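These notes are about the structure you will find just below.
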Amino acid sequence: MIPFSPPRIDDKIVDAVAEALRSGWISTGPRTKLFEEKISQFCGCPKTLCVSSCSAGLELMLRWFGVGPGDEVIVPAYTYAATANVVVHCGAKPVFADAATDFNIDVDKIADLITENTKVIIPVDIAGWPCNYNALNEIVVRKDIREKFSPRSAEQTKLGRILVLADAAHSFGAKYHEKYSGQLADISVFSFHAVKNLTTAEGGAITLNLPLPFNNGEIYKYLCIKSLHGQTKDALAKMQVGNWKYDIVEPGYKMNMTDIQAAMGLVELERYENDHLVRRKQIFDLYSKILGEYDWAQIPEYQNEKSCSSYHVYLLRIRNISETQRDLIMQGIFSREVAVNVHFRPLPMMSYYRNEGYCIGDYPVAFHNFSCVISLPVFYNLTDDQVRTVSKAVIDSVKENK
Ligand SMILES: *Cc1c(COP(=O)(O)O)cnc(C)c1O
């Protein structure tokens, strides 16, 4: 069986983790702080906070902005559950926006969804393809939209407009107009979960790019406290002689990254752009070359003059098929010993959101994209021969089932 996306665990990773374990610092410590600095350097953003997951990071930032009951947050209908679940955790209401043909949130549909209660937009760079951030960032500063904004927290008053909080779970290393993901929105949150491009087993990072008068360095310091039970000193600071006493300034969360995770992340980051991403692009190119020969294949866009993907998921669409046919084609691929997937089943189709009254009929593009998509295996150690085997399995199964 060709697997879908196993992590790249080699001696370098194992040695780095063993070294962290032996160092005695197994929770948040020097490796986490170094990883934060390296992420800031890589993304070109002023400040980065590492956390236990992307979900935790998104929720932390919604709470930092003061999002709560009565508020609305615009999220794509086409995404993983984390994007909307964190909004529900805060007591606010997710307002879904339909997808565009590139799978990302349809920016043209956002303005109509904005009300006086809208506090945040969470765009998602699906499959690693950056959203149209120029258009997005223009909407939130538009005069009529600014005038609608009704702040209810100190941070909301300070920003004076809707916050753009990117769910960049897929897009570490992606580029948009010469800028890296992580500096495209006010705040971006990455995921380092085991299936993501760059992994620390579980983990995430928040990159801060808030405009003046915000001080990203000060916010970073505050978030360190907020993500650690509101405790004024972390373990590293408390280690210093005579520095044991701390205060609790608020009932904060427990969302810190460990040095074991950061040890993996440092190795992954070191070889990310010039090695890992290079291989992923080759895999994308080979799929496109082979499958592009067939009229039924709709090849995903992953590079143009403005944008460059992080090559996270290869989203192949099959033209003119129903959801049932897609499922049969997937069965046929599985029976040929190839693991495939679907990213994603739109959230309005999921029981919880359906029971909350959302209806997939309101998101026709999201449904269409979902009904004809198959995600193909992409991982560093996937060989060209395996890419050919996967492609053949797809071609044969389409022939059999379409
Ligand atoms: C994986 C994923 C997340 C959640 O990441 P975690 O680190 O597991 O919390 C959020 N959004 C999207 C789009 C994802 O694919």
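I'd like to check something: does segment 257-271 contain any residue that is within 20 Å of Ser53 (Cβ to Cβ) and in contact with a strand residue (DSSP E or B) (Cβ under 6 Å, 6 or more places away or on another chain)?
yes
Looking at Trp25, Trp64, which is the one that is surrounded by fewer than 21 Cβ atoms within 10 Å (Cβ to Cβ) and more than 20 Å from Leu269 (Cβ to Cβ)?
Details: Trp25 fails: more than 20 Å from Leu269 (Cβ to Cβ).
Selected residue: Trp64, the only one of Trp25, Trp64 that is surrounded by fewer than 21 Cβ atoms within 10 Å (Cβ to Cβ) and more than 20 Å from Leu269 (Cβ to Cβ).
Which is part of a loop (DSSP other than H, G, I, E, B) and in contact with a Lys or Arg (Cβ under 8 Å, 6 or more places away or on another chain), of Ile329, Ile321, Ile374?
Residue meeting the stated conditions: Ile321.
What is the number of the single condition among (1) within 25 Å of Ser371 (Cβ to Cβ); (2) buried (at least 20 other Cβ atoms within 10 Å of the Cβ); (3) among the acidic types (Asp, Glu) that Glu301 does not meet?
(2)
May I ask you to list the residues in segment 145-191 that are of a type in the set (Phe, Trp, Tyr), more than 16 Å from the ligand (Cβ to nearest atom) and either crowded, with 24+ Cβ neighbours inside 10 Å or assigned to a loop (DSSP other than H, G, I, E, B) (or both)? Before the answer, list the steps.
Of the residues in segment 145-191, the ones of a type in the set (Phe, Trp, Tyr) are 149, 172, 176, 180, 190.
Next, from what is left, pick out any that are more than 16 Å from the ligand (Cβ to nearest atom): 149, 176, 180.
Phe149, the sole residue that qualifies.
Within segment 54-61, does at least one residue satisfy the condition of being out of contact with any strand residue (DSSP E or B) (no Cβ under 9 Å at 6 or more places or on another chain), closer than 19 Å to His170 by Cβ and surrounded by fewer than 20 Cβ atoms within 10 Å (Cβ to Cβ)?
No; the residues of segment 54-61 include none that is out of contact with any strand residue (DSSP E or B) (no Cβ under 9 Å at 6 or more places or on another chain), closer than 19 Å to His170 by Cβ and surrounded by fewer than 20 Cβ atoms within 10 Å (Cβ to Cβ).
Go through segment 34-131 and tell me which strands (runs of 3 or more DSSP E), entirely inside it, have 1 or more residues that are closer than 17 Å to Phe190 by Cα, within 16 Å of the ligand (Cβ to nearest atom) and in contact (Cβ under 8 Å) with a residue 40 or more places away in the chain.
Hits in segment 34-131: 47-51, 72-76, 118-121.
For segment 192-305, please list each of the helices (runs of 4 or more DSSP H) lying entirely inside it that holds at least 2 residues being within 16 Å of the ligand (Cβ to nearest atom), of a type outside the set (Phe, Trp, Tyr) and modelled with pLDDT under 95. Steps first, answer last, please.
Details: elements: 216-226, 235-238, 259-270, 277-291.
Passing ranges: none, list empty.
The values are calculated or read from the model by the stated rules, or taken from the named source; none is laboratory data. Keep in mind that what you see is a predicted model, and the values were worked out from it rather than measured. All Cβ positions, glycine included, derive from the backbone under ideal geometry; neighbour counts span all protein chains shown.
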